[in-house]
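Read through the structure below, which is laid out as structure tokens, and then see the notes.
We did not get these values from a lab; they are worked out from the coordinates using the rules stated. Just so you know, these numbers come straight off a predicted model, no measurement behind them. Glycine gets a Cβ as well: all are built from the backbone with ideal geometry, and neighbour counts include every protein chain shown.
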Amino acid sequence: MALSLMVNAGLMALPIGGCLGTLFGIDAHRAATGQRPLFAPNPNDPDENRGTGGSTGGGQDSTGGGSGSSGGDVSDNGIQTNPYCQLSYGISPPSKNGETFTLNPNQWNVQKGSDKGALCMNVTTFNNMTYPTKYSAPDFSVTWQFDPGPETDPVYAFPNIMVDKVLPVGLDDMQELYLNVHWTYGVGDEIATTTDESELTANNVNTNVAIDMFFDSDKVTAQSSTSAKYEVMVWFGMFGPATQPHGYPKVVTTNTINGTKFNLYSDKNANTDQNVLTWVAAETVEEFNGDIYPLIADLYNMTGSVYPSSTDYLGYFGFGSEAFSADKNVTFGVTNLEIGIKT
């Protein structure tokens, strides 16, 4: 049997606003052209803040709350772009072939009305509900800016796209976890062509680009970011001194996948008492194409209670970026994403 989910995102580089001065100019333009202000409540969302979602390090429910659509007249063939600036909101655009993913701004550590910064996720959907393939995702990007948080709790949000329907899956039932991704990070409100790390450093950007997964011996518990025994992450980018995995800087072991070297770090999450195992690319990797299942197999072949067992379940898989802090608006854009979970 094969379980396979492919998520494919090809982005239109549309600017969106994250917060503060730049946002005011964007809001003025939107008002002048008859568009809804960025931070006005979404008319398609009857409950703008459906509770806080979760993230790594925060111990909340990272699947977020609710399931929404982009709205609009689905009878035409138009393309509709909406910003989602809610704290937590499940964005599941309708598809004639069925929903296979959910996007979420997931500002799990932001209080409503906070003046520490802001974040918006931009999602583009097809009104006729027909995408290039049944596995294609809408275009999306995330623009944000936050002031530095406390050293013990520095993460504000984990905006992400989550795999739907095919999980949970037993680890020893998996044959492959295929990933094909291209992402960039840039200062400003538009998707960058490439990531300029020196510019991110100059603007004190602290963030990462990561896969977030949760494992447990119980298939239901494995789907909860607060109750699952293990959190396993794979970082493709790590920017700023505040952005460090649990257990850093002690490297437990290494593995090289398709030419990319990953270092493993391990420690407890003090907020949730979970075992957190993080594979971090030794150098920033904007484009990756390969099977990352060996990184999981390495873990259950290691000895000790801090590592999962081959009989455990993968209950949650999300890809996104943890928003720590930045002096100016920054934009995370994913121009291609394919995920295949095969058993």
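Near ALA202: Cβ cut-off under 13 Å, other residues only, Lys/Arg at +1 and Asp/Glu at -1. The net charge is -3. One Cα centroid belongs to the range 238-258, the other to the range 167-196; the line between them spans 17 Å. Given LYS116/LYS342; LYS229/LYS328; LYS165/LYS268; LYS112/LYS342, which pairs have Cα atoms separated by over 31 Å? Among LYS116/LYS342; LYS229/LYS328; LYS165/LYS268; LYS112/LYS342, the Cα-Cα distance tops 31 Å for LYS116/LYS342; LYS229/LYS328; LYS112/LYS342.
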